[in-house]
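**Q** Once you've had a glance at the structure underneath, I'll fire off some questions.
Values quoted throughout were computed directly from the atomic coordinates according to the rules given, and no laboratory measurement underlies them. Owing to the predicted nature of the structure, the values given are computational and were not obtained by experimental measurement. Cβ placement follows ideal geometry from the backbone for every residue including glycine, while neighbour counts extend to all protein chains displayed.
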């Protein structure tokens with residue numbers, strides 16, 4: 001039951017701890033430098049935990065703040081919107097159109113971001129420390145918490161946060177499965193009206209699997225396949241998860257009025273702030289789980 | 001500049017005038033459309049065997065897939081392709097340039113701007129509009145396309161000078177494109193929707209789209225046929241046409257109006273699908289020596305079959321996922337033009 005995901009979280013924690021042990025062993029001789037590897041396998045050595053942090057990924061912003069180190073953030077990307085306090089920080093665009101000047105002028109000790117080679121190269125060439133932490137899967141959440149905990153010098157807090165995340169996720173998943181009583185609803189998660197769906201490998205797909213839903217998409221189509229709409233009609237899902245703007249228009253799509261979920265109005269939409277917790281592999285994942293679970297329990301027969 | 005060089009390289013039509021030949025080709029295009037429509041019924045996410053079984057013994061699901069999804073989709077693709085073919089024929093005749101296409105005068109970028117504005121205003125997506133929305137979207141695309149063409153005409157001070165008209169068209173296309181991007185920057189959600197629009201998509205063509213597209217095709221074909229005599233005069237050169245007493249300015253304005261209407265209708269329903277409007281009139285002229293009236297009849301038939309074929313390919317190449325249809329037409333059209341250039345080079 002959701003075992004692979006929690007196992008990979010655990011594996012990530014063990015890996016991070018090993019890094020920590022190395023760091024402490026190395027530091028036993030004198031001041032303890034923290035040696036960490038980012039997700040691009042670059043080695044980084046921090047003499048002190050960074051005091052000024054730039055975060056260009058909402059999930060990383062949230063992780064720093066959940067580790068109670070929000071005060072170290074000096075600049076964030078425009079999509080970082082939680083916790084509310086980050087609204088006051090200067091915004092440096094997004095990963096596609098990053099505001100380099102804004103970042104440089106904030107004089108960060110480290111820049112946290114997802115996979116964005118062009119941005120990384122530009123920022124490194126300006127002498128900044130760039131730390132890449134991919135945030136795409138379930139396992140990435142635990143790894144990022146551990147790595148950031150080590151970097152910020154709060155490893156115990158990170159460990160506690162990880163345990164807390166894992167426990168709440170497991171609790172929600174178990175409760176949902178129990179209440180679904182073996183009935184696994186067939187679900188279609190639409191990420192874009194082109195239409196693109198969320199496959200089992202995507203973060204949303206992993207979450208759906210853990211709360212006991214069946215995805216209409218097979219894994220071999222990749223994380224976010226662009227679908228022939230006919231595929232969804234044939235799969236005839238019990239529940240559709242979609243953005244609020246598109247929900248009312250599903251019935252207008254050719255042939256979609258025959259889909260069970262559309263016929264019975266088993267369509268879940270989420271307000272933007274809730275949707276963030278579902279699509280962001282970050283520390284608030286348990287809230288996303290709760291929202292998904294509520295949806296499935298409300299909609300399932 | 002490139003366009004002109006390539007246009008010269010493509011050379012004049014080689015085929016000889018032969019009325020029987022034209023009729024044969026019209027029959028071929030119609031036959032191809034019927035055949036492709038039949039093929040389209042059995043091509044989709046299901047295997048060929050399942051699709052055939054559905055045809056034999058229909059049920060609720062197969063009825064939905066065959067008659068509410070695949071049939072309107074292929075008919076919609078045909079109508080949109082026909083509109084683009086017609087627009088291409090008009091554009092190439094008006095500009096006497098075999099590389100002119102329906103998007104030349106800023107009509108496509110104008111239509112895209114219209115669609116973007118209406119999406120931003122209604123906070124909706126393209127996929128499923130009700131009747132009013134469907135008409136509204138086409139209307140917005142038409143207003144955008146007309147505004148684009150009008151701006152081009154204003155910049156070139158009328159429709160008389162071909163080079164300045166083309167230049168103005170390029171400038172307007174860039175300007176409107178930049179403005180669209182600027183608007184989209186403020187709304188990341190709409191940006192993604194527009195991305196599939198700019199790549200072209202036949203995914204959600206339903207009966208409403210078919211009715212709308214065929215209605216506009218039916219409305220624009222007769223005047224195009226009537227104006228084709230003027231087009232014939234135009235092919236002799238602007239001075240000759242003027243000396244024949246053709247009201248060149250009025251003729252061009254009417255033709256450009258038709259060009260915006262047909263382009264806008266197609267773009268509002270299938271997005272910016274490239275190459276069909278460029279290649280369809282070409283194929284027609286390659287296969288038979290046609291006059292303008294015949295071109296106006298045959299190019300839509302050819303364009304329709306082309307987009308139908310591209311739609312079928314887009315659904316089956318990476319089944320059950322699908323490719324944006326604009327990507328398929330660009331590959332097919334690009335390959336065709338490369339072949340044409342290569343053949344020309346070898347002949348020399």
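**Q** Expressed in whole Å with the largest first, what are the equivalent ellipsoid semi-axes of the range B:181-300 derived from the C-alpha gyration tensor as the square root of 5 times each eigenvalue? Don't skip to the answer; put the middle values down first.
**A** Values: eigenvalues 216, 59, 40 Å².
Sorted largest first and rounded, they come to 33, 17, 14 Å.
**Q** Based on C-alpha coordinates, I'd like the Rg and Dmax of the protein assembly as shown, in Å.
**A** According to the Cα coordinates of the protein assembly as shown, Rg and Dmax are 29.0, 99 Å.
**Q** Need one value for A:254-263: mean number of C-beta atoms belonging to other chains within 10 Å of its residues' C-beta atoms.
**A** Details: counts 20, 13, 7, 2, 7, 2, 0, 0, 0, 0.
Mean partner shielding for this stretch: 5.
**Q** Please say if the range B:274-348 is rounded, prolate or oblate, where rounded means a/c under 1.5 for a ≥ b ≥ c the square roots of the C-alpha gyration tensor eigenvalues, and otherwise the choice is prolate for a/b larger than b/c and oblate otherwise? Walk me through the numbers before you get to the answer.
**A** Numbers: a/c = 3.27, a/b = 1.43, b/c = 2.29.
Since a/c reaches 1.5 but b/c is at least a/b, the shape of the range B:274-348 is classed as oblate.
**Q** Enter the mean number of other protein chain beta carbons within 10 Å of the beta carbon of each residue in B:201-210, as an integer.
**A** 4
**Q** May I ask you to compute the full-extension gain from residue B:238 to residue B:97, defined as 0.36 nm times their residue separation minus their alpha-carbon distance, rounded to one decimal in nm? Don't jump to the answer; show the numbers that get you there.
**A** Numbers: separation 141, 0.36 × 141 = 50.76 nm, distance 1.30 nm.
Extra length available between residue B:238 and residue B:97 comes to 49.5 nm.
**Q** Sequence gap at least 6, Cα distance under 8 Å: using those rules, report the relative contact order of chain A to the nearest whole percent.
**A** Relative CO of chain A lands at 16 percent.
**Q** With the crude spin-label approximation of a point 7 Å out along Cα→Cβ, what separation in nm comes out for residue B:48 versus residue B:342?
**A** The two pseudo-label positions are separated by 2.7 nm.
**Q** Quick one: of the DSSP bridges fully inside chain A, what percent are antiparallel, nearest 5?
**A** Values: 7 of 24 bridges.
Roughly 30 percent of the DSSP beta bridges within chain A come out antiparallel.
**Q** A follow-up question, please. Taking the Cα centre of each part, how many Å lie between the range B:62-84 and the range A:155-226?
**A** 35 Å
**Q** Using a 10 angstrom cutoff on alpha carbons, build the Gaussian network for chain A and name the most mobile of A:125, A:135, A:39.
**A** Top of the fluctuation ranking is A:125.
**Q** Please list, by residue number, everything in the range B:283-311 whose backbone N is under 13 Å from a paramagnetic label point 7 Å out along Cα→Cβ of residue B:21.
**A** It comes to B:284-291, nothing else.
**Q** Helix-only estimate, please: 222 nm mean residue ellipticity of chain B, summing -39500 (n - 2.57) across DSSP H runs of length 4 or more and dividing by its residues, to the nearest 500.
**A** When only DSSP H runs of four or more count, the value is -26000 deg cm²/dmol.
**Q** While we're here: From the Cα gyration tensor of the range A:101-199, with a ≥ b ≥ c the square roots of its eigenvalues, which class applies: rounded if a/c is under 1.5, or else prolate if a/b is larger than b/c, or else oblate?
**A** oblate
**Q** Could you list A:70, A:268 so that the one with the fewest beta carbons within 10 Å of its beta carbon is first and the one with the most is last?
**A** Ordered by Cβ neighbours within 10 Å, fewest first: A:70, A:268.
**Q** I've got another one for you. Given a Förster radius of 51 Å and the C-beta distance between residue A:294 and residue B:157 as r, what FRET efficiency does 1/(1 + (r/R0)^6) yield to the nearest 0.05?
**A** 0.20
**Q** Shifting gears a bit: Test of understanding: extend the Cα→C-beta vector of residue B:319 to 7 Å, then name every residue of the range A:219-238 with backbone N under 19 Å from that spot.
**A** A:219-222, A:225-236
**Q** Same structure again: How much of the DSSP beta bridge set in the protein assembly as shown is antiparallel, as a percent to the nearest 5?
**A** 30 percent
**Q** Cα axis of helix A:285-299 to longest principal axis of chain A: angle in degrees, 0 to 90, nearest 10?
**A** 0 degrees
**Q** Here's another thing I want to ask about it. Given Cα pairs under 8 Å that are at least 6 residues apart, what percent is the relative contact order of chain B?
**A** RCO, chain B: 33 percent.
**Q** Taking 0.36 nm per residue of sequence separation and subtracting the Cα-Cα distance, how much length would be gained by fully extending the chain between residue A:102 and residue A:70, in nm to one decimal?
**A** Here the segment from residue A:102 to residue A:70 would lengthen by 9.6 nm.
**Q** DSSP beta bridges in the range A:175-301, what fraction antiparallel, as a percent rounded to 5?
**A** Around 30 percent antiparallel, to the nearest 5.
**Q** Working from Cα positions, state the angle (0 to 90°, nearest 10) between the long axis of helix A:3-27 and the longest principal axis of chain A.
**A** 0 degrees
**Q** Let me know the shape class of the range A:163-274, please: from the alpha-carbon gyration tensor, a ≥ b ≥ c as square roots of the eigenvalues, rounded when a/c is under 1.5, otherwise prolate if a/b is greater than b/c, or oblate.
**A** Prolate is the answer for the range A:163-274, as a/c is 1.5 or above and a/b outweighs b/c.
**Q** Moving to a separate point now. Taking the Cα centroid of the range A:253-301 and of the range A:56-86, what is the distance between the two, rounded to the nearest whole Å?
**A** About 26 Å separates the Cα centre of the range A:253-301 from the one of the range A:56-86.
**Q** Further question on the same structure: Would you tell me the mean number of C-beta atoms belonging to other protein chains that fall within 10 Å of each C-beta in A:194-200, as a whole number? Each step should come with its number before you reach the end.
**A** Numbers: counts 14, 7, 3, 1, 0, 1, 0.
Mean partner shielding for this stretch: 4.
**Q** Between residue A:156 and residue B:187, with labels modelled 7 Å along Cα→Cβ, what's the label distance in nm to one decimal, could you check?
**A** With each label point 7 Å from Cα toward Cβ, the separation is 5.1 nm.
**Q** Given a Förster radius of 25 Å and the C-beta distance between residue A:121 and residue A:220 as r, what FRET efficiency does 1/(1 + (r/R0)^6) yield to the nearest 0.05?
**A** Efficiency for this residue pair is about 0.15.
**Q** Taking the Cα-to-Cβ direction at residue B:63 and at residue B:121 and moving 7 Å from each Cα, how far apart do the two end points lie in nm?
**A** According to this spin-label approximation, the distance is 3.9 nm.
**Q** Comparing B:250, B:32, B:108, which has the greatest mean-square fluctuation in the GNM of chain B with Cα pairs linked when under 10 Å apart?
**A** Highest fluctuation of the listed residues: B:250.
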